[in-house]
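Here's the structure, in structure tokens; my notes come after.
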Amino acid sequence: MISNLRYWFLLSLIILVYIAGMFVTLFENDSAQFAVMAMRMVQENDFLSLFKGPEEYLDKPHMHFWLAALSFKVFGLYDWAYRIPAILATFLGAYSCYGLGRLLYNIHVGKLAALVFMTSQTIVLSVIDVRTDAVLTGFTIFAIWQLAAYIEKNSLVHMVLGAFGAGIAFSTKGQIALLVIGLPLLCHLAYTRKWKALLHWKVLVGLLFFGIAIAPMLYAYYHQFDLHPEKIIRGKDNRSGIFFIFWEQSFERLSGEGVGKNSSDYFFFFHTFLWVFVPWTVLGLTAYWCRVKTFFKLRFKYNPKYEFLTLGGISLVFLIISFAQFKLPHYLNIIIPLFSVLTASYLYSLYQYTRRKPLKILLGIQYFLISVVFIASTLIRYFVFKAENPYDHIWTILLGGLIIYYVLKREEYYYRLITISIFSAILLNLTLNIHFYPSLLDYQAGSSMAERVEENEVPKEKIYKLSSNHTWALDFYNQEPLKIASYNELRKKKDFWLYVNDAEIQELHKLGFDWDRQFTEKQFRITRLQAKFLNPNTRKKVLNKMHLIHVY
């Protein structure tokens, strides 16, 4: 394994990447939306009800929003405060990868698994564009680790901690948490033949603590929905929140009912995996393929040198979510911890058995990858959005010098392979967090307009919008959701502000409305990037505008 000095040096740089991303403006839609939902809990002092704008929100449980609201209570209504629970959950996930790797293999695999997890692209992104997945992933792998430790050691403490972690994960996103926890553990039980672990009174204690952990979420659902059968949610009345979270939720995702269908491509998660596990993609796929071949050679007979928890869990979860009719890239986050442990075990086995040829080939691939990352970072800084801050050049030179040093340093392939891979992630994500995202978010009209509102002391309670189109970023940074008003309602008002798009401002002009002040900001759906936007020469062709006007 790499030295402790280098390990903690690399880990410190990774944490620096996370800190740099804490202060980036929130992205629309989901990050800003969820922040507004948690903000409303604090402002309205109602922690039992979830609202998405004017509509009651059934889709996801409460835990993510409670944690964000708690952070708001402690630190204030800031974007970095919203990200704190996600970052802490990710650190918990990294420590759990370490624990699981150490349990299944040894301390060296555990330490490497933590590094692989924290530098995987989708994990870094999950604490920038914060949704429910960071908390879900952290507590899911924590539960897997603790329950696997219970199976191996028959410890009540591990059972209690694992059950509690599973309860928090379930309270964050529902049934998918139990699926991701249960399938790897069933694979582990089947491979090790330790079924007796299930037939023990400690399992009943675990179920009790699981019930305690999910009780607040169930009560909140019961309070908001079960007590009010008259509410119409997604076109239906008599909606039971408890029945929804225990039965309907995941089936709606699989079938597309209620949330809609966005992909019937059964290979969606395969080609998505190619980028979400960067810089470890090739290493992860190689590790998976080699482990599959090994188990087929063994005919799946038990061998204490191997474990089936990661491989089996990855395969089954991947297969099930591939049949869902509603798919998003971050759904893969939940299997990244398992892939991290599997990849770390494979890399360490190459080192342990001195397999220089595959290490040399993989190192060559990682050299190519860091070259691509360097080119991409350069294009981002000097073509897509030109770097003007002198500090950008300083940290780039320092980091570039470190990378060159480790590229040229003559040492074992294994050490270089790990170091270069991690530096790829650090270079890419520092470029994104410090330069790309802040520049990109200049084109998110809601957050930019909130700055105008603050600068010009626009009374926030007098700002309206004309449609139910969401304005999450403006709502959050104004710390007050916009109110919806119709044209007829506005005719009866004087001295108010309207947040409108190009079509709406033209309609207002036709209807005879007049205004004396107008602020305009550029608008682009920044989470759906396209080549025309990234090219400065064609960017204007795909930009829209949002306006804030004062009607007197």
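The values are calculated or read from the model by the stated rules, or taken from the named source; none is laboratory data. Keep in mind the model is a prediction, meaning the values are calculated, not measured. Cβ sites come from the backbone with ideal geometry, for glycine too, and all protein chains shown count toward neighbours.
Observations, loosely collected:
- Scanning the range 8-30 finds one or more residues that are among the aliphatic types (A, V, I, L, M), under 14 Å from Ser126 (Cα atoms) and part of a loop (DSSP other than H, G, I, E, B).
- Cβ-Cβ distances below 6 Å connect no pair with a first residue in the range 449-463 that is farther than 16 Å from Val500 by Cα, a second residue that is surrounded by 12 or more Cβ atoms within 10 Å (Cβ to Cβ) and not charged (D, E, K, R), and a separation of six or more residues or different chains.
- Pairs, first under 15 Å from Asn469 (Cα atoms) in the range 498-511, second surrounded by 20 or more Cβ atoms within 10 Å (Cβ to Cβ) and of a type in the set (Lys, Arg), C-beta under 8 Å, six or more apart: Leu498/Lys465; Tyr499/Lys465; Val500/Lys465
- Spans of helices (runs of 4 or more DSSP H) in the range 369-473 with at least 3 residues among the polar types (S, T, N, Q): 413-430
- Members of the range 515-533 that are of a type outside the set (Ser, Thr, Tyr) and not in a strand (DSSP E or B): Phe524, Arg525, Ile526, Arg528, Leu529, Gln530, Ala531, Lys532, Phe533
- Residue match in the range 62-80 (condition: surrounded by 19 or more Cβ atoms within 10 Å (Cβ to Cβ), under 17 Å from the mean Cα position of the chain (by Cα) and in a loop (DSSP other than H, G, I, E, B)): yes
- One residue alone among Glu56, Glu44 is at pLDDT below 95 and in the same structural domain as Tyr150 (by TED's automatic domain parsing), and that residue is Glu56.
- The set of residues from the range 478-497 being of a type in the set (S, T, N, Q) and in contact (Cβ under 8 Å) with a residue 24 or more places away in the chain comprises Asn478, Gln479.
Residues are listed down the side, and each one gets a yes or a no for (1) crowded, with 19+ Cβ neighbours inside 10 Å; (2) under 25 Å from the mean Cα position of the chain (by Cα):
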position	(1), (2)
Ala376	no, yes
Glu388	no, no
Leu398	no, no
Val407	no, no
Leu417	yes, no
Ser424	yes, yes
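- Restricted to the range 297-314, and to residues there that are at pLDDT below 95 and assigned to a helix (DSSP H, G or I), the residue that is surrounded by the fewest Cβ atoms within 10 Å (Cβ to Cβ) is Lys297.
- Residue that is nearest to Glu55 (Cα to Cα), among those in the range 478-528 that are exposed (fewer than 12 other Cβ atoms within 10 Å of the Cβ) and hydrophobic (A, V, I, L, M, F, W, C): Ala503
- Candidate set from the range 318-353 (those that are of a type in the set (Val, Ile, Thr) and at pLDDT 95 or above); member that is surrounded by the most Cβ atoms within 10 Å (Cβ to Cβ): Val341
- Among the residues of the range 516-535, the ones that are at pLDDT 95 or above and in contact with a Phe, Trp or Tyr (Cβ under 8 Å, 6 or more places away or on another chain) come to 4 in all.
- Residues of the range 51-84 classified as over 15 Å from Val130 (Cα atoms), aliphatic (A, V, I, L, M) and without any contact (Cβ under 8 Å) to a residue 60 or more places away in the chain, total: 2
- So Lys493, is it in a strand (DSSP E or B) and either in the same structural domain as Lys545 (by TED's automatic domain parsing) or over 30 Å from Ile380 (Cα atoms) (or both): no
- Selection over the range 223-242 of residues that are surrounded by 14 or more Cβ atoms within 10 Å (Cβ to Cβ) and farther than 18 Å from Lys60 by Cβ gives a count of 1.
- Met1 being at pLDDT below 95 and in contact with a helix residue (DSSP H, G or I) (Cβ under 6 Å, 6 or more places away or on another chain): yes
- Any hit, the range 313-324, residues being outside the structural domain of Val407 (by TED's automatic domain parsing) and either in contact with a Ser or Thr (Cβ under 7 Å, 6 or more places away or on another chain) or within 30 Å of Arg410 (Cβ to Cβ) (or both): no
- None of Tyr288, Tyr302 is under 26 Å from Ile144 (Cα atoms), in contact (Cβ under 8 Å) with a residue 40 or more places away in the chain and touching a Lys or Arg at 6+ places or on another chain (Cβ under 7 Å) except Tyr302.
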